[in-house]
1. If you take the residues of the range 1077-1090 that are under 17 Å from ILE1109 (Cβ atoms) and modelled with pLDDT under 90, which of them is surrounded by the most Cβ atoms within 10 Å (Cβ to Cβ)?
2. Kindly indicate whether VAL840 is crowded, with 19+ Cβ neighbours inside 10 Å and at pLDDT below 90.
3. Just one of the numbered conditions (1) surrounded by fewer than 21 Cβ atoms within 10 Å (Cβ to Cβ); (2) over 20 Å from PHE968 (Cα atoms) is not true of VAL1114; which one?
4. I'm trying to understand the selection: among the residues of the range 904-952, which are surrounded by fewer than 23 Cβ atoms within 10 Å (Cβ to Cβ), within 16 Å of GLY716 (Cβ to Cβ) and among the β-branched types (Val, Ile, Thr)?
5. Test TYR1015 against the criterion of being in the same structural domain as TYR1120 (by TED's automatic domain parsing), outside any helix (DSSP H, G or I) and surrounded by fewer than 24 Cβ atoms within 10 Å (Cβ to Cβ), and give yes or no.
6. If I filter the range 683-700 down to residues being of a type outside the set (Gly, Ala, Ser), out of contact with any His (no Cβ under 6 Å at 6 or more places or on another chain) and at positive phi, which single residue comes out as surrounded by the fewest Cβ atoms within 10 Å (Cβ to Cβ)?
7. Specify the residue that is modelled with the lowest pLDDT; the eligible residues are those in the range 301-317 that are in a loop (DSSP other than H, G, I, E, B) and under 22 Å from PRO526 (Cβ atoms).
8. So, of the residues in the range 683-699 that are polar (S, T, N, Q) and either outside the structural domain of ILE952 (by TED's automatic domain parsing) or in a loop (DSSP other than H, G, I, E, B) (or both), which turns out to be farthest from TYR654 (Cα to Cα)?
Amino acid sequence: MIHVKKELIIVALMIVTLVFVSLISSSYILAEESGIPLRIDVYIKSDTDLKILDVVIFVNESSVNQDLRQYITFIKDNVSIPLIQPKSVVKDNLVLQVSNKIPLGEYNLSVFLKAMIGSQDMHITYSLVNSTRITVPISDEATGAQVYFVIRETDFVRKLEWTCPIPPSKYVPPTPTKPLNATLIYESISPGQRLVFLLINDTLYGDQWFVAGLDMFVRDLSSLGYSVKAYLIAGGAPSDLRSLLKDGLSEGLVGAILIGDLPAAWYEMYCWDTWEQFPTDLFYMDLDGSFVDEDNDGLFDSHFDGEGDKAPEIWVGRLDVPNKYGHNESEILTRYFFRNHWYITGKITVPHRALIYIDDDWVYMAESVDNSLAKIYSERTLVTDKETTNSEDYKMRLVEGYEWVHLQCHGWPGGHTFMTPNGWDGTVYTSDYEAIDPPVFFYQFFVCSGARFVENDYLAGSAVFMTSHGLTAIGSTKTGSMLYFSDFYTKLAEGKPIGEAFKEWFVLHGESLPCWFYGMTIIGNPVLTPRLESAKLYGWVKDLSGNAIEGAAIEVYNYASRVLLNSSVTSAEGYYEVFVPYGNVYLVIHKGGYYTYSSDVFYHIALTERNVTLTQKLLEKKDIMLVVDDDSEYWIDQGTWLEEIRTVIKQAGYDIYAWNESIQGLPPLEALKDARGVFWHTGTRYLYAISKLDAETLLQYVQSGGKLVLEGEDIGYDHGNDTFMMAVAHAYYLTDHAGSPSLEVTLSHPITAGLPSNFTFEQMPPFPDGVAPALLSPYTEVDISARVYNIVDGDTFDAFPIGRIRLADINAPELSEVGGQEAKNALASLILGKEIYLNVDDKYVMDPYNRLVGVAYIKEDGGYLLNVNKWLVENGYATINDYDNEFNPSTWRLYEYYPKDPDSAPVLEVIKYSGTPYSAVIVYENKTSLSKVVYVAFPLHYLAKDIRDQFIRNIVSWLLSPPDLSYFPAPYIDMSKKKVNSAIIVGNSDPHGPCGGAHTLDTVGGMMIAAQLGYIAGSEEAKLFLDTDVAWYNYSEAKVYYWPIEGLTNIITVGGPGVNQITWRYFANPWYAPGYIQWDERGNQLLITPSNIYNESEWVALGQDLAIIESIYVAEEDRYVLLVAGFGGDGTRAACLIVQLFGTDKEIMKLRGVA
């Protein structure tokens, strides 16, 4: 998927158009040193798979007013922008100086861009001019301007030429025909199977051999998982056939195969300085669009959305023998049916390889085409030499045999012609294909009108039907062809049939360039798929120092199902290789002492090298793991800024560890938990920034109490409003560009401390996401819950104890209709056996059939409800039908935030984009699980350095700040696991170590707390220990040490330091605790806090005691310690009572000793 920034692309194209119309040109300006900096941000968008080797921006001075020249020093040198990756956006700035002496007014700045695509020895250049405008005088602050360029593949592609002196045939109005007679001769429909229509010219059906071959063809389609309806067609016009196909959509129609000479729709359009007339099968593919004949000449000339859109709903293929062989058509098609059967059953084979033959005008495309076909074929022959691409060489290579031939050259329906630097060099005619009879199954004809099936003789028809191996060809009926080959070949590499891959390619690109693509068609059987060999995945495994790692386990899993596909072990040199089926895979590599390496491998090619770096496990816990998510497909500007963030965190005194995904793979959950907090930095990267696997890991991390910073401008763009956004980022994604250059603090919070209330980006981020806190929608309420025990159909179910429920405002197909059983199965897999939360219609409650009407939700992890109604619609199992009730489907959100106690897990907006409704920074804090999340929806890089540094320091400080007593009983109970996560320790009643004997009240108090924590957790009580059971006192060092007791995590220590040596370890000095206890010269205890000193003698004089409750985090031990004590036994008992009654509605008793 291409990350298309639509708003900017539209603006850019408008600017380009204006520039070419009037070519308003001025210059970049450089003024006196007293001037003001002017930053020009140059954005370049390439939507192709072609690599841009160089981009140069420079200016000229020719059109600058003579009066201004005294103030201007011109830039003479070119300014180079780094390499632009395929389908990415690159941004660079030019910082210039503008003199204050420039007269008042507006000035145009023009930029001349020169791009070169292709490889070093096979390339083509393209130039483009763009401009922007600045106003003088300039403000005291740096002024910025932005220039956008959009470069498309077709800017570089030379159009195809018709190389035959005989012009193409013109449209001839058909003679009046009889009304359509469509006779159904075969029907086999199975639930869940894709439906294909066969439309057969009825004149062919009189041949018994043809009938036998057709029967075999139908059975072959069924063996590939298709349902089939076959019609004999007599009479009728293209519009009649289209209506028949359109009716099939309700039955699940995915494609149609037109067999024999059947009506074709014609289209006319102005392309490349001439009017073209051509047959178009898009008329049969796009069944909900509208085709219009504006001038009533029998040819369509306009294409509109109509009832739906202009994209195809089905694929279409033609089995149409060249007209010159029409007298023998039934026999030729019968042979084709048998050939098709032999291919499907494996009885006919050719070498599994591809021939890529590209003539002079398109050699710069060779690398891209070769990389695309490499996803299918490990063996490929690439021919691009301008001296040797000629007819004789091509014919000689055809004889060698290939499964797929990709040809790019000039031609016409009857053949194609090659050129060398000295001129044209030979023609290959359709008769040559028939004579050579090449052992080739599939063809991609980038040849002018190579699939123009209305001609007496046409190239694709001869290659497919008049040879002993031909099966399918892709081509065009006009001057045009396929481009963006990668998007087509990638679909084939995924195992999709040619027709489906072609349809999906057309959905992506068909409307972008009608002159190139409206004539595209499939000749032959579209349900076939090139054979996919096992792909070899190989590489070397090393550590961060570059040393080979022997014996590392290699595992490759299916990306979707996580089924193990193959495994291996690295050699002494660290080398591995595994063979796996085609498709997306999940690579896992592990060895003891190293973190597990994992990475997704998308669309891997037949030979894929993946070198891996394993990271040694940390020996001690770090404060922050900085994850640089730099393995995304695309990025803007530099993408990520590791050092900017790492330097600030390190200078703030934190122990930080960086993890680069492009080197170390996806960090496992274990690695994240080896740091107190995680800072996940995506910057301007997009498309798989925070991949699906990363998202799953982060969901587990946050739900287990992790502390996380998410930073980057396209996290929301990539994820929409999926589970990750709801349960990790805790935000709703609203827009790809918030559109404001400034930010506004909306809530006083530790992470905004010291920040201005309003501040401006030093440099506008390219595409800052606009989001909102994931709060409960005002349209959502839950009236009742019930457990689902029966699914009636796709929109109705039964739940105990409330009975039958009809989901409001949606319609799923009936069980007898296409898709009905699938919708029922989908609903069952989602809710059967689960508890649902129902928002019942307040207006009518029930429908006429006495079914409760409502919106149903199921609970997801993280306190979120999934809207079942909307889920069914979004996944294609139901459609919206807004009935008369309280609900408005347009307000539905897929997820709703629904925690048990919203106050214990608030989601807060702390910073917004000024003048917009969009949030920029969202904070989430769960006082039960202890998880914290800060989501920054823009790259921090674009803030001024002082503000950025302060903000980062604030975020990390808050993220790592230990929970105070408002969190209790967390972290001493792990509610996610329903277990007490701490041990309670009371002092021994005998004198020991530095302590005297503890009072019995301490033991009683400890038992009270243990019982209460067990009750809250719903599990066993906390373990109760004597301090001498878990620790011992070293008299020579005057220190308390723990015995090696397994599972001793968090601690609740009961009693003061005079009776409990664990309390003495942590609270008898200022090393760990802000509030600690010492003794004065008379032996009285002193509680010393940051704000006061409490003396035991003063409380005893009043006949009172002091209850002390304090929670601390001991970083070097990674444990929380809770002190529950008093100066004496009564104070300790009172403190224990307070802890015991926490969270209950019981009033704390006014006893002696309670303070």
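The values are calculated or read from the model by the stated rules, or taken from the named source; none is laboratory data. Please read these numbers as outputs of a predicted model, since none were measured by experiment. Cβ coordinates were reconstructed from backbone atoms using ideal geometry, including for glycine residues, and neighbour counts include every protein chain displayed.
1. Only one residue fits best here, namely THR1089.
2. For VAL840, the condition - crowded, with 19+ Cβ neighbours inside 10 Å and at pLDDT below 90 - is not met.
3. That leaves (2) as the condition not met.
4. THR916
5. Taking the combined requirement at face value, the residue does not satisfy it.
6. The selected residue is TYR688.
7. Per the criteria, the residue is GLY308.
8. SER691
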